[in-house]
Amino acid sequence: MNKLLVDCINKNIGARVGPVNVSIIAYCDDILLMSPVSGHINILLDACAEYAGKWKLEFNSSKSEHYITGPRERECKTQFMLNGTAIPRVDSLVYLGLPIGEQAFINDFFASKFSKTERSLYSLRPMGCKPFMLSPNNVAYIYKQYCQSQFKYGLEVLHIDKTCLKEIETRQNILVKNSIGLGKYCLTTPLFDSLKIESIKQLYMKHKVFFVKQIETNVLTKTLFSFLDEFYRHHKIPRGSFVAQCNEVERYAGTLGHTTSPKELITQIETLHRCDNAGLVDTVKFYLYLMGSTREFSELTAIVEHLKALLNYEH
């Protein structure tokens with residue numbers, strides 16, 4: 001496929017980000033064509049069809065989709081053709097497992113992913129992953145390693161609005177508390193500190209920083225990011241752009257902007273989500289230890305009641 005990418009880029013048409021032509025990007029045979037000019041897309045499609053014919057490949061137009069965004073998207077009536085067949089238009093799409101479309105579509109995508117996280121943890125209940133059966137620390141470990149990980153993909157590059165982020169945060173809080181036998185109104189921060197579980201917002205913010213670190217290791221992505229970063233200092237930033245997300249992280253962490261290292265940002269984010277009552281966290285850890293080491297049901301029930309009282313909002 002590499003020759004096809006080179007041929008399309010050498011046409012010098014389609015989308016550009018600063019000095020870099022991004023009219024065609026691909027992961028194996030999953031190809032994405034991009035252009036601010038609709039006529040260029042058909043030229044690139046013809047190049048793909050010609051290349052496929054030469055190498056006895058076949059791009060299926062019925063499995064392809066086209067998506068238009070921007071202030072004049074409704075005015076665009078261009079038909080995009082592949083092998084003489086029109087490519088259907090969609091309001092949103094998923095490319096390499098990541099949603100492309102309106103903010104509501106992206107929010108629904110992450111809400112659906114967290115539903116899978118919830119189902120995966122609840123599916124382990126018959127195996128003992130439930131209150132009074134497994135140590136709370138073991139439940140937390142299983143949740144972080146095997147359940148929560150399903151939700152993380154895409155956090156680094158996609159924007160989630162505050163309402164959706166808060167809803168998923170609440171769902172995680174209830175899920176974890178229910179799984180270890182605590183009520184949903186117990187204080188979350190000291191409990192999560194004790195179990196070493198990161199909040200959804202903490203994960204969301206930290207993944208942006210992790211991705212910036214990845215970007216810096218590659219010449220091409222570093223060039224793209226540096227250009228966009230400089231460009232948006234002088235132009236309006238689209239709400240969902242990655243530069244806007246980076247600015248959101250910096251505002252959230254209370255830093256001075258581009259002089260701050262990723263390591264300092266991570267440290268500040270972790271500090272913001274840390275319980276400021278170290279004594280309470282230590283006490284919660286002790287009760288969680290007792291829950292994991294006690295086998296008598298009556299004693300276990302008493303420990304849980306003490307822990308509920310300790311984590312009561314009115315405490």
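Numerical summary
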| item | result |
| --- | --- |
| Residue 214 vs. criteria surrounded by fewer than 19 Cβ atoms within 10 Å (Cβ to Cβ) and under 27 Å from residue 177 (Cβ atoms) | no |
| Matching residues in region 163-188 - criterion: being buried (at least 17 other Cβ atoms within 10 Å of the Cβ) and among the β-branched types (Val, Ile, Thr) | 168, 176, 180, 188 |
| Residue within region 25-37 that is more than 26 Å from the chain's Cα centre (by Cα), of a type in the set (A, V, I, L, M) and part of a loop (DSSP other than H, G, I, E, B) present | yes |
| Region 5-20: number of residues that are more than 26 Å from the chain's Cα centre (by Cα) and free of Cβ contacts under 8 Å to residues at least 40 places away in the same chain | 8 |
| Selected residue (criterion: surrounded by the fewest Cβ atoms within 10 Å (Cβ to Cβ)) from residues of region 193-211 that are of a type outside the set (Ser, Thr, Tyr) and more than 28 Å from residue 240 (Cβ to Cβ) | 196 |
| Exclusive hit being aliphatic (A, V, I, L, M), within 15 Å of the chain's Cα centre (by Cα) and part of a helix (DSSP H, G or I), set 175, 191, 165 | 165 |
| Residue ranges of helices (runs of 4 or more DSSP H) in region 222-303 with at least 2 members free of Cβ contacts under 8 Å to residues at least 40 places away in the same chain and over 23 Å from residue 210 (Cβ atoms) | 278-293 |
| From 74, 119, residue being at pLDDT 95 or above, of a type in the set (Lys, Arg) and in a helix (DSSP H, G or I) | 119 |
| So residue 105, is it of a type in the set (Phe, Trp, Tyr) and surrounded by 15 or more Cβ atoms within 10 Å (Cβ to Cβ) | no |
| Test: residue in region 12-24 that is farther than 26 Å from residue 156 by Cβ and modelled with pLDDT of 90 or more | yes |
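The values are calculated or read from the model by the stated rules, or taken from the named source; none is laboratory data. Quick caveat, the model's predicted, so the values are computed rather than measured. In this analysis, Cβ positions are derived from the backbone assuming ideal geometry, glycine residues included, and neighbour counts consider all displayed protein chains.
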